[in-house]
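Comments concern the structure below.
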Amino acid sequence: MPGLTIAGTGRYLPGRAYTNHDLARVLDTNDEWIRQRTGIVQRHYCPVGQGAADLALPACQEALASAGLEPRDIDFILFNTMTPDHLFPGSGTLVGARLGCAGVPALDFRAQCAAMLYSFQVADALLSRDGIRRILIVGAEAHAALMPWLDREILEGTTQRKPSPEAWELASRHRGWGVVFGDGAGAVVVERSEEQGTGVLAVDLHSDGNDAAQLCIPAGFRVGSYLGGGDPDSTLIHMQGREVFKQAVLRLPRSVEAVCETAGVRVSDVDWFIAHQANQRINDAVCERLGIRPETMPSNIERYGNTSAATIPILLDEMRRDGRLQRGQLICLLAFGAGFHWGSVLVRI
Ligand code: UT7
(Lines give C-alpha, C1' and ligand atoms only; values in the text may rest on other atoms or scores of the structure.)
Protein backbone atom coordinates (compact mmCIF):
# COMPACT_ATOMS: atom_id res chain seq x y z
CA MET A 1 0.00 0.00 0.00
CA PRO A 2 1.44 3.43 -0.90
CA GLY A 3 1.66 6.01 1.89
CA LEU A 4 1.85 9.78 1.83
CA THR A 5 4.55 12.27 2.54
CA ILE A 6 4.53 16.04 3.02
CA ALA A 7 6.16 17.52 -0.09
CA GLY A 8 5.63 21.23 0.67
CA THR A 9 3.90 23.71 2.97
CA GLY A 10 2.97 27.39 2.95
CA ARG A 11 1.10 29.94 5.03
CA TYR A 12 -0.31 33.42 4.72
CA LEU A 13 -1.35 35.82 7.48
CA PRO A 14 -2.99 38.95 6.11
CA GLY A 15 -1.99 42.52 6.94
CA ARG A 16 -1.04 43.79 10.36
CA ALA A 17 -1.61 42.06 13.67
CA TYR A 18 -4.42 43.32 15.93
CA THR A 19 -3.66 43.24 19.64
CA ASN A 20 -5.97 42.61 22.56
CA HIS A 21 -5.71 46.35 23.27
CA ASP A 22 -7.09 47.07 19.78
CA LEU A 23 -10.10 44.87 20.54
CA ALA A 24 -10.75 46.76 23.78
CA ARG A 25 -11.69 49.76 21.59
CA VAL A 26 -14.64 47.93 20.04
CA LEU A 27 -15.92 45.75 22.88
CA ASP A 28 -15.79 45.36 26.63
CA THR A 29 -12.64 43.29 27.15
CA ASN A 30 -9.06 43.66 28.29
CA ASP A 31 -5.61 42.26 27.51
CA GLU A 32 -5.27 40.51 30.86
CA TRP A 33 -8.50 38.52 30.49
CA ILE A 34 -7.74 37.41 26.93
CA ARG A 35 -4.13 36.39 27.73
CA GLN A 36 -5.03 34.52 30.88
CA ARG A 37 -8.14 32.75 29.59
CA THR A 38 -6.90 31.92 26.07
CA GLY A 39 -3.17 32.61 25.64
CA ILE A 40 -3.90 34.94 22.72
CA VAL A 41 -2.00 38.24 22.38
CA GLN A 42 -2.73 39.19 18.77
CA ARG A 43 -4.43 37.96 15.59
CA HIS A 44 -4.75 38.99 11.94
CA TYR A 45 -7.95 39.85 10.08
CA CYS A 46 -8.81 39.38 6.43
CA PRO A 47 -8.91 42.74 4.56
CA VAL A 48 -12.28 44.23 3.65
CA GLY A 49 -13.53 42.84 0.33
CA GLN A 50 -11.49 39.63 0.55
CA GLY A 51 -12.36 36.10 1.64
CA ALA A 52 -10.93 32.66 2.37
CA ALA A 53 -9.85 31.95 -1.23
CA ASP A 54 -7.85 35.21 -1.33
CA LEU A 55 -5.95 34.21 1.81
CA ALA A 56 -5.50 30.65 0.54
CA LEU A 57 -3.91 31.63 -2.77
CA PRO A 58 -0.52 32.87 -1.48
CA ALA A 59 -0.34 29.98 1.00
CA CYS A 60 -0.93 27.49 -1.84
CA GLN A 61 1.64 29.21 -4.06
CA GLU A 62 4.18 29.05 -1.27
CA ALA A 63 3.40 25.36 -0.65
CA LEU A 64 3.86 24.54 -4.33
CA ALA A 65 7.12 26.51 -4.49
CA SER A 66 8.49 24.77 -1.40
CA ALA A 67 7.64 21.40 -2.98
CA GLY A 68 9.28 22.46 -6.26
CA LEU A 69 5.99 21.83 -8.06
CA GLU A 70 3.81 23.60 -10.62
CA PRO A 71 0.02 23.97 -10.42
CA ARG A 72 -0.30 21.33 -13.18
CA ASP A 73 1.29 18.77 -10.84
CA ILE A 74 -1.71 18.87 -8.49
CA ASP A 75 -4.32 16.12 -8.95
CA PHE A 76 -6.85 17.09 -6.27
CA ILE A 77 -7.65 20.06 -4.01
CA LEU A 78 -9.12 19.61 -0.54
CA PHE A 79 -10.26 22.95 0.92
CA ASN A 80 -11.04 23.33 4.62
CA THR A 81 -12.96 26.33 5.88
CA MET A 82 -15.93 27.32 8.01
CA THR A 83 -16.00 30.76 6.38
CA PRO A 84 -16.34 30.01 2.65
CA ASP A 85 -16.35 32.88 0.15
CA HIS A 86 -19.89 32.01 -0.97
CA LEU A 87 -22.80 29.86 0.17
CA PHE A 88 -21.93 28.04 -3.04
CA PRO A 89 -19.77 27.15 -4.86
CA GLY A 90 -17.05 26.05 -2.47
CA SER A 91 -13.78 27.93 -2.06
CA GLY A 92 -11.71 25.00 -3.40
CA THR A 93 -12.82 25.56 -6.96
CA LEU A 94 -12.14 29.32 -6.64
CA VAL A 95 -8.60 28.89 -5.40
CA GLY A 96 -7.99 26.16 -7.99
CA ALA A 97 -8.94 28.52 -10.81
CA ARG A 98 -6.77 31.36 -9.47
CA LEU A 99 -3.87 29.04 -8.92
CA GLY A 100 -3.96 27.73 -12.47
CA CYS A 101 -5.48 24.36 -11.58
CA ALA A 102 -8.78 24.77 -13.45
CA GLY A 103 -10.23 21.35 -14.20
CA VAL A 104 -8.64 19.68 -11.17
CA PRO A 105 -11.28 18.22 -8.80
CA ALA A 106 -11.84 20.33 -5.70
CA LEU A 107 -13.74 19.41 -2.57
CA ASP A 108 -14.70 21.65 0.36
CA PHE A 109 -14.89 20.12 3.84
CA ARG A 110 -17.37 21.31 6.44
CA ALA A 111 -15.80 19.89 9.56
CA GLN A 112 -14.74 23.30 10.93
CA CYS A 113 -11.72 23.15 13.26
CA ALA A 114 -11.28 19.40 12.75
CA ALA A 115 -11.45 19.59 8.94
CA MET A 116 -7.70 19.04 8.39
CA LEU A 117 -7.97 15.63 10.03
CA TYR A 118 -10.72 14.65 7.61
CA SER A 119 -8.60 15.93 4.73
CA PHE A 120 -5.64 13.80 5.76
CA GLN A 121 -7.76 10.66 5.91
CA VAL A 122 -9.40 11.38 2.54
CA ALA A 123 -6.05 12.32 0.96
CA ASP A 124 -4.59 9.05 2.19
CA ALA A 125 -7.44 7.12 0.54
CA LEU A 126 -7.29 9.16 -2.69
CA LEU A 127 -3.55 8.65 -3.07
CA SER A 128 -4.06 4.90 -3.22
CA ARG A 129 -6.02 5.43 -6.49
CA ASP A 130 -4.27 5.31 -9.82
CA GLY A 131 -3.68 8.72 -11.34
CA ILE A 132 -3.65 10.70 -8.09
CA ARG A 133 -0.13 11.48 -6.95
CA ARG A 134 -0.28 14.91 -5.34
CA ILE A 135 -3.00 16.61 -3.34
CA LEU A 136 -3.15 20.20 -2.20
CA ILE A 137 -4.74 20.45 1.25
CA VAL A 138 -5.69 23.99 2.28
CA GLY A 139 -7.12 25.52 5.45
CA ALA A 140 -8.22 29.16 5.23
CA GLU A 141 -10.51 31.37 7.28
CA ALA A 142 -11.94 34.86 6.97
CA HIS A 143 -13.71 35.14 10.34
CA ALA A 144 -13.46 38.93 10.18
CA ALA A 145 -16.51 38.83 7.90
CA LEU A 146 -18.70 37.80 10.84
CA MET A 147 -17.07 39.62 13.74
CA PRO A 148 -19.59 41.36 15.99
CA TRP A 149 -17.78 44.68 15.37
CA LEU A 150 -17.46 46.26 11.95
CA ASP A 151 -15.68 49.61 12.20
CA ARG A 152 -11.99 49.04 11.39
CA GLU A 153 -11.03 52.66 11.99
CA ILE A 154 -12.18 52.43 15.60
CA LEU A 155 -10.45 49.05 15.97
CA GLU A 156 -7.20 50.49 14.62
CA GLY A 157 -7.47 53.68 16.67
CA THR A 158 -7.15 55.89 13.59
CA THR A 159 -10.27 57.90 14.45
CA GLN A 160 -11.55 59.77 17.51
CA ARG A 161 -14.96 58.16 16.97
CA LYS A 162 -16.26 55.71 19.54
CA PRO A 163 -18.64 52.81 18.87
CA SER A 164 -22.33 53.69 19.24
CA PRO A 165 -23.91 52.32 22.46
CA GLU A 166 -25.76 49.73 20.30
CA ALA A 167 -22.58 48.63 18.49
CA TRP A 168 -20.68 48.40 21.80
CA GLU A 169 -23.48 46.39 23.44
CA LEU A 170 -23.75 43.94 20.52
CA ALA A 171 -19.98 43.35 20.26
CA SER A 172 -19.62 43.01 24.05
CA ARG A 173 -22.49 40.50 24.20
CA HIS A 174 -20.45 38.31 21.84
CA ARG A 175 -17.06 38.93 23.48
CA GLY A 176 -16.61 35.29 24.50
CA TRP A 177 -15.90 34.22 20.90
CA GLY A 178 -15.33 37.70 19.42
CA VAL A 179 -11.80 37.88 20.82
CA VAL A 180 -10.54 34.39 20.01
CA PHE A 181 -10.79 34.04 16.25
CA GLY A 182 -8.18 35.24 13.78
CA ASP A 183 -7.71 34.88 10.05
CA GLY A 184 -5.09 33.18 7.94
CA ALA A 185 -4.34 30.29 5.64
CA GLY A 186 -2.08 27.28 5.57
CA ALA A 187 -1.46 24.81 2.77
CA VAL A 188 0.15 21.39 2.58
CA VAL A 189 1.07 19.42 -0.56
CA VAL A 190 0.92 15.71 0.17
CA GLU A 191 2.48 13.28 -2.25
CA ARG A 192 2.22 9.54 -2.72
CA SER A 193 5.16 7.71 -1.18
CA GLU A 194 6.20 4.12 -1.85
CA GLU A 195 8.50 4.16 1.21
CA GLN A 196 7.47 1.44 3.64
CA GLY A 197 6.12 2.73 6.95
CA THR A 198 5.57 6.38 5.96
CA GLY A 199 2.22 8.11 5.75
CA VAL A 200 -0.98 7.87 7.76
CA LEU A 201 -0.54 5.07 10.29
CA ALA A 202 -3.91 5.40 12.03
CA VAL A 203 -6.94 7.67 12.23
CA ASP A 204 -9.40 8.20 15.06
CA LEU A 205 -12.17 10.48 13.78
CA HIS A 206 -15.56 11.28 15.29
CA SER A 207 -18.59 13.41 14.67
CA ASP A 208 -21.62 13.84 16.94
CA GLY A 209 -24.40 16.16 15.80
CA ASN A 210 -26.20 15.87 19.14
CA ASP A 211 -24.06 18.77 20.31
CA ALA A 212 -24.32 20.87 17.15
CA ALA A 213 -26.14 23.74 18.91
CA GLN A 214 -23.25 24.28 21.32
CA LEU A 215 -21.10 25.79 18.59
CA CYS A 216 -22.74 26.91 15.37
CA ILE A 217 -23.97 29.72 13.13
CA PRO A 218 -27.69 28.91 13.02
CA ALA A 219 -28.52 30.74 9.74
CA GLY A 220 -28.74 28.57 6.63
CA PHE A 221 -31.10 27.10 4.08
CA ARG A 222 -33.93 26.48 6.50
CA VAL A 223 -37.26 26.75 4.76
CA GLY A 224 -39.15 29.81 6.01
CA SER A 225 -36.05 31.40 7.55
CA TYR A 226 -33.52 31.55 4.74
CA LEU A 227 -30.21 32.90 6.12
CA GLY A 228 -31.82 33.38 9.49
CA GLY A 229 -34.97 35.05 8.13
CA GLY A 230 -33.66 38.54 8.88
CA ASP A 231 -32.58 37.80 12.47
CA PRO A 232 -29.02 39.21 12.54
CA ASP A 233 -28.15 37.27 15.69
CA SER A 234 -28.59 33.97 13.86
CA THR A 235 -25.79 34.86 11.43
CA LEU A 236 -23.28 35.20 14.30
CA ILE A 237 -21.45 32.44 16.15
CA HIS A 238 -23.33 30.80 19.02
CA MET A 239 -20.90 29.16 21.39
CA GLN A 240 -21.32 27.58 24.82
CA GLY A 241 -17.61 28.16 25.46
CA ARG A 242 -17.31 26.36 28.78
CA GLU A 243 -19.08 23.23 27.57
CA VAL A 244 -17.05 23.12 24.34
CA PHE A 245 -13.90 23.53 26.44
CA LYS A 246 -14.87 20.64 28.74
CA GLN A 247 -15.72 18.33 25.86
CA ALA A 248 -12.44 19.10 24.07
CA VAL A 249 -10.39 18.36 27.18
CA LEU A 250 -12.31 15.12 27.76
CA ARG A 251 -12.33 13.76 24.21
CA LEU A 252 -8.95 14.76 22.77
CA PRO A 253 -6.76 12.71 25.15
CA ARG A 254 -9.00 9.67 24.61
CA SER A 255 -8.65 10.07 20.86
CA VAL A 256 -4.86 10.36 21.01
CA GLU A 257 -4.68 7.22 23.18
CA ALA A 258 -6.97 5.38 20.75
CA VAL A 259 -5.04 6.38 17.63
CA CYS A 260 -1.74 5.30 19.21
CA GLU A 261 -3.22 1.99 20.29
CA THR A 262 -4.54 1.33 16.76
CA ALA A 263 -1.09 2.05 15.30
CA GLY A 264 0.63 -0.06 17.95
CA VAL A 265 2.80 2.82 19.22
CA ARG A 266 3.14 4.41 22.65
CA VAL A 267 1.98 8.00 23.21
CA SER A 268 5.56 8.72 24.29
CA ASP A 269 6.81 7.56 20.83
CA VAL A 270 5.17 10.57 19.17
CA ASP A 271 7.66 13.32 18.28
CA TRP A 272 5.13 16.15 17.86
CA PHE A 273 1.51 16.65 18.85
CA ILE A 274 0.28 19.21 16.34
CA ALA A 275 -2.90 20.40 17.98
CA HIS A 276 -5.64 22.75 16.85
CA GLN A 277 -5.06 26.15 18.47
CA ALA A 278 -8.42 27.01 20.06
CA ASN A 279 -7.31 27.91 23.56
CA GLN A 280 -3.88 27.41 25.17
CA ARG A 281 -5.58 26.16 28.32
CA ILE A 282 -7.23 23.33 26.34
CA ASN A 283 -3.88 22.18 24.97
CA ASP A 284 -2.19 22.49 28.38
CA ALA A 285 -4.93 20.32 29.91
CA VAL A 286 -4.60 17.73 27.10
CA CYS A 287 -0.83 17.54 27.72
CA GLU A 288 -1.41 17.06 31.41
CA ARG A 289 -4.00 14.32 30.92
CA LEU A 290 -1.78 12.48 28.44
CA GLY A 291 1.27 12.91 30.68
CA ILE A 292 3.31 14.33 27.80
CA ARG A 293 5.88 17.11 27.86
CA PRO A 294 4.35 20.49 26.86
CA GLU A 295 7.37 21.07 24.55
CA THR A 296 6.08 18.27 22.33
CA MET A 297 2.85 20.21 21.69
CA PRO A 298 3.97 23.45 20.01
CA SER A 299 1.85 26.56 20.15
CA ASN A 300 1.42 29.71 18.06
CA ILE A 301 -1.98 30.82 19.38
CA GLU A 302 -0.32 33.81 21.03
CA ARG A 303 0.39 35.32 17.58
CA TYR A 304 -2.56 34.18 15.47
CA GLY A 305 -5.51 33.37 17.75
CA ASN A 306 -7.82 30.57 16.65
CA THR A 307 -7.75 30.36 12.85
CA SER A 308 -10.14 27.35 12.86
CA ALA A 309 -9.36 25.07 9.88
CA ALA A 310 -6.09 26.92 9.25
CA THR A 311 -4.38 26.35 12.63
CA ILE A 312 -2.86 22.95 11.83
CA PRO A 313 -1.46 23.74 8.35
CA ILE A 314 -0.08 27.09 9.58
CA LEU A 315 1.70 25.32 12.44
CA LEU A 316 2.95 22.56 10.12
CA ASP A 317 4.43 25.22 7.84
CA GLU A 318 6.15 27.05 10.70
CA MET A 319 7.64 23.84 12.04
CA ARG A 320 8.80 22.65 8.62
CA ARG A 321 10.47 25.96 7.82
CA ASP A 322 12.26 26.33 11.15
CA GLY A 323 13.52 22.75 10.98
CA ARG A 324 11.53 21.25 13.85
CA LEU A 325 9.74 18.85 11.47
CA GLN A 326 12.09 16.24 10.08
CA ARG A 327 11.61 13.24 7.82
CA GLY A 328 11.01 10.03 9.73
CA GLN A 329 9.30 11.72 12.70
CA LEU A 330 6.00 10.52 14.07
CA ILE A 331 3.45 13.33 14.31
CA CYS A 332 -0.04 13.33 15.75
CA LEU A 333 -2.55 15.89 14.44
CA LEU A 334 -5.45 16.51 16.85
CA ALA A 335 -8.44 18.81 16.86
CA PHE A 336 -11.86 19.41 18.37
CA GLY A 337 -14.47 21.73 16.90
CA ALA A 338 -18.02 22.51 15.92
CA GLY A 339 -20.32 19.68 14.99
CA PHE A 340 -18.88 18.31 17.19
CA HIS A 341 -16.14 16.91 14.96
CA TRP A 342 -12.95 15.73 16.63
CA GLY A 343 -10.17 13.22 16.56
CA SER A 344 -6.55 12.58 15.73
CA VAL A 345 -4.38 11.33 12.88
CA LEU A 346 -1.00 9.67 13.30
CA VAL A 347 1.45 10.27 10.45
CA ARG A 348 5.03 9.09 9.89
CA ILE A 349 6.40 11.93 7.76
O1 UT7 B 1 -12.12 26.16 17.81
C2 UT7 B 1 -13.38 25.63 17.97
C3 UT7 B 1 -13.60 25.09 19.32
N4 UT7 B 1 -13.75 26.15 20.28
C5 UT7 B 1 -13.24 26.03 21.48
O6 UT7 B 1 -12.59 25.05 21.73
C7 UT7 B 1 -13.54 27.11 22.48
C8 UT7 B 1 -13.58 26.52 23.84
N9 UT7 B 1 -13.93 27.50 24.87
C10 UT7 B 1 -13.07 28.46 25.28
O11 UT7 B 1 -11.95 28.56 24.79
C12 UT7 B 1 -13.49 29.37 26.41
O13 UT7 B 1 -14.73 28.91 26.91
C14 UT7 B 1 -13.65 30.87 26.01
C15 UT7 B 1 -12.27 31.47 25.78
C16 UT7 B 1 -14.49 31.00 24.76
C17 UT7 B 1 -14.30 31.63 27.16
O18 UT7 B 1 -13.54 31.47 28.35
P19 UT7 B 1 -14.22 31.00 29.72
O20 UT7 B 1 -13.15 30.94 30.72
O21 UT7 B 1 -14.97 29.73 29.45
O22 UT7 B 1 -15.17 32.21 30.03
P23 UT7 B 1 -16.76 32.24 30.26
O24 UT7 B 1 -17.44 32.30 28.94
O25 UT7 B 1 -17.17 31.16 31.20
O26 UT7 B 1 -16.93 33.63 31.00
C27 UT7 B 1 -16.31 33.89 32.29
C28 UT7 B 1 -16.41 35.37 32.58
C29 UT7 B 1 -17.81 35.93 32.38
O30 UT7 B 1 -17.98 36.99 33.33
P31 UT7 B 1 -18.80 36.73 34.69
O32 UT7 B 1 -20.14 36.26 34.27
O33 UT7 B 1 -18.01 35.68 35.43
O34 UT7 B 1 -18.77 38.09 35.34
C35 UT7 B 1 -17.76 36.53 31.01
O36 UT7 B 1 -18.69 37.57 30.82
O37 UT7 B 1 -15.56 36.10 31.68
C38 UT7 B 1 -16.33 37.07 30.98
N39 UT7 B 1 -15.82 37.19 29.63
C40 UT7 B 1 -14.95 38.14 29.26
N41 UT7 B 1 -14.38 39.15 29.93
C42 UT7 B 1 -13.52 39.94 29.25
C43 UT7 B 1 -16.12 36.41 28.56
N44 UT7 B 1 -15.43 36.84 27.49
C45 UT7 B 1 -14.71 37.91 27.90
C46 UT7 B 1 -13.82 38.78 27.24
N47 UT7 B 1 -13.24 39.78 27.95
N48 UT7 B 1 -13.50 38.64 25.93
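The values are calculated or read from the model by the stated rules, or taken from the named source; none is laboratory data. What you see is a predicted model; the values in this text were computed from it and never measured. Note: ideal-geometry Cβ built from the backbone for every residue, glycine included; neighbour counts use all protein chains shown. Please note that ligands, DNA and RNA were not included when accessible areas were found on the heavy atoms of the full protein model with its side chains. Shrake-Rupley method; radii C 1.70, N 1.55, O 1.52, S 1.80 Å.
How compact and how long is the range 68-190, expressed as Rg and Dmax of its alpha-carbon atoms in Å?
Reported Rg and Dmax, both Å: 18.6, 61.
To one decimal place, what orientation-averaged projected area in nm² is obtained for the convex hull of the Cα set of the range 10-150?
9.5 nm²
Just to make sure I understand: if all protein chains stay in place, what is the order of W168, W272 by accessible area at 1.4 Å, largest first?
Heavy-atom accessible area, descending, gives W168, W272.
In the range 48-173, what percent of the accessible surface is made up of carbon and sulfur (1.4 Å probe, ligands and nucleic acids excluded)?
52 percent
Under a 5 Å amide H to amide H cut-off, with H placed in plane at 1.01 Å, what residues pair with F181 once short-range neighbours are removed?
N306
Between V48 and D233, how many nm apart are label points set 7 Å from Cα along the C-beta direction?
Going from the V48 label point to the D233 one covers 2.8 nm.
Carbon and sulfur atoms: what percent of the 1.4 Å accessible area of the range 199-348 do they account for?
47 percent
Please calculate how many Å² of accessible area the chain carries per residue, with a 1.4 Å probe and no DNA, RNA or ligand atoms counted.
43 Å²
Consider a paramagnetic label point 7 Å from the Cα of R266 along Cα→Cβ; state which residues of the range 285-303 have an amide N under 17 Å from it.
290-294, 296
Thinking of the chain as a set of Cα atoms, what percent of all their pairs are more than 26 Å apart?
Percentage above 26 Å: 47.
Output wanted: per-residue J couplings in Hz (rounded whole) for the range 171-176, from phi through Karplus 6.51 cos²θ - 1.76 cosθ + 1.60, θ = phi - 60°, x for Gly and Pro.
5, 5, 4, 9, 5, x
Mind listing the phi-derived Karplus ³J(HN,Hα) values for the range 122-128, rounded to whole Hz, using 6.51, -1.76 and 1.60 with θ = phi - 60°, and x for any glycine or proline?
For the range 122-128, the Karplus-derived couplings read 5, 4, 4, 5, 5, 5, 7 Hz, x marking Gly and Pro.
Between L146 and D322, what is the spin-label point distance in nm, taking each point 7 Å from the Cα along the Cα→C-beta axis?
Roughly 3.1 nm, to one decimal.
Heavy atoms of the protein only, probe of 1.4 Å, neighbouring chains included. What is the accessible area of M319 in Å², nearest 10?
Approximately 0 Å² for this residue.
Do you know the relative contact order of the chain, to the nearest whole percent, from alpha carbon pairs under 8 angstrom that are 6+ apart?
Answer for the chain is 26 percent.
Go through the range 330-338 residue by residue and turn each phi into a ³J(HN,Hα) via Karplus (6.51, -1.76, 1.60, θ = phi - 60°); whole Hz please, and just put x for glycine and proline.
With the stated coefficients, the range 330-338 comes to 9, 10, 10, 8, 9, 7, 9, x, 3 Hz.
Under the rule of at least 5 residues apart or a separate chain, name every residue whose amide H is placed under 5 Å from the amide H of F336.
H276
Let me know the volume per residue of the alpha-carbon convex hull for the range 199-348, in Å³.
125 Å³
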